[in-house]
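Notes follow the structure.
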Amino acid sequence: MNWCRYRFHTRWDLPAAPGDVYAALERVQDYPLWWPQVREVASADGRSGVARFRSFLPYDLVVGAREVRRDPGAGALEIRMTGDLDGWARWTVGAAPAGTCAVYDQEVEVRRPLMRRFAVPGRPFFVLNHTLMMRAGRRGLAGRLAAPDRS
């Protein structure tokens, strides 16, 4: 087993229309406004850029991201990542009985040297770190979608 590889699958049920959720998720530059752990997003050309994350553990992750799929009809947004994390991430947005189901899938290999050094003993903490980040992101997006003025 490669202890530096991670596969995540997260489901967010949101009380909003799928189109609104998709629109919010495709505006990556706005993530720091509603997702506390997304500290910074800098777009290079509208299809690629750099993002900096920091969750519960006291370290930043910096990744370069390049859009590989943007398909509103299928509700899909997918990126390729390089840097501290190497791999891909995908949002899939669809209708659900109470509004929208947004599914986040990610497969990455950690490249950050300190995380690689502590891959085995740190793994449960790294997974928890991701879980807490995703939980806060769901709360943040739900709050943003419920706000009367989302601009």
- Task: Find which of Val120, Val63, Ala24 sits farthest along the positive direction of the dipole of the chain, computed with +1 on the beta-carbon of Lys and Arg, -1 on that of Asp and Glu, about the Cα centre.
- Result: Val120
- Query: How much net charge surrounds Val68 when only the other residues with a Cβ under 15 Å from the Cβ of Val68 are counted, with Lys and Arg +1 and Asp and Glu -1?
  - Reply: -2
- Item | Backbone HN-Hα couplings from phi across region 14-19 [Karplus 6.51/-1.76/1.60, Hz, Gly and Pro as x] | 10, x, 8, 5, x, x
- Message: Quick check on the chain: helices-only [θ] at 222 nm, where DSSP H runs of length 4 and up contribute -39,500 (n - 2.57) each and the sum goes over total residues. Nearest 500, please.
- Response: -9500 deg cm²/dmol
- Item | Under 15 Å, Cβ to Cβ, from Ala119 - net charge with Lys/Arg +1 and Asp/Glu -1 | +4
- Principal-axis tilt of helix 119-146 within the chain, Cα atoms, nearest 10 degrees: 20 degrees
- Message: Give me the three principal axis extents of the chain from the C-alpha atoms, as integers in angstrom, largest value leading.
- Response: 45, 31, 26
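Given an 8 Å cut-off on Cα distances and at least 6 residues of separation, report the relative contact order of region 1-112 as a percent.
It comes to 31 percent, rounded to a whole number.
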- Translational diffusion of region 12-66, µm² s⁻¹ [Kirkwood Rh, Cα pairs; Stokes-Einstein; 25 °C; 0.890 mPa s]: 199 µm²/s
- Task: Determine the share of the chain's accessible area contributed by carbon and sulfur atoms, expressed in whole percent, with a 1.4 angstrom probe.
- Result: 56 percent
- Message: Using the Cα centre of the chain as the reference point, and only Cβ charges (+1 on K/R, -1 on D/E), how large is the resulting charge dipole? Debye, rounded to the nearest 20.
- Response: 480 debye
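Enter the accessible area per residue of the chain (Å², integer; probe 1.4 Å; all protein chains in place).
Value for the chain: 54 Å² per residue.
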- Query: Could you give the dipole magnitude of region 1-43 about its Cα centre, charging the beta-carbon of Lys and Arg +1 and that of Asp and Glu -1, in debye to the nearest 20?
  - Reply: 300 debye
- Query: Quick one: how many Å² of Cys101 are accessible to a 1.4 Å probe, rounded to 10?
  - Reply: 20 Å²
- The size of the Cβ-based charge dipole (Lys, Arg +1; Asp, Glu -1) of region 66-132 about the Cα centre, to the nearest 20 debye, is 260 debye
- Note on the structure: Over region 38-121, the quotient of the Cα radius of gyration and 2.2 N^0.38 Å is 1.24
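The values are calculated or read from the model by the stated rules, or taken from the named source; none is laboratory data. Quick caveat, the model's predicted, so the values are computed rather than measured. Every residue, glycine as well, gets a Cβ built from its backbone with ideal geometry; the counts of neighbours run over all protein chains shown. Note: areas computed on protein heavy atoms with side chains; ligands, DNA, RNA excluded. Shrake-Rupley method; radii C 1.70, N 1.55, O 1.52, S 1.80 Å.
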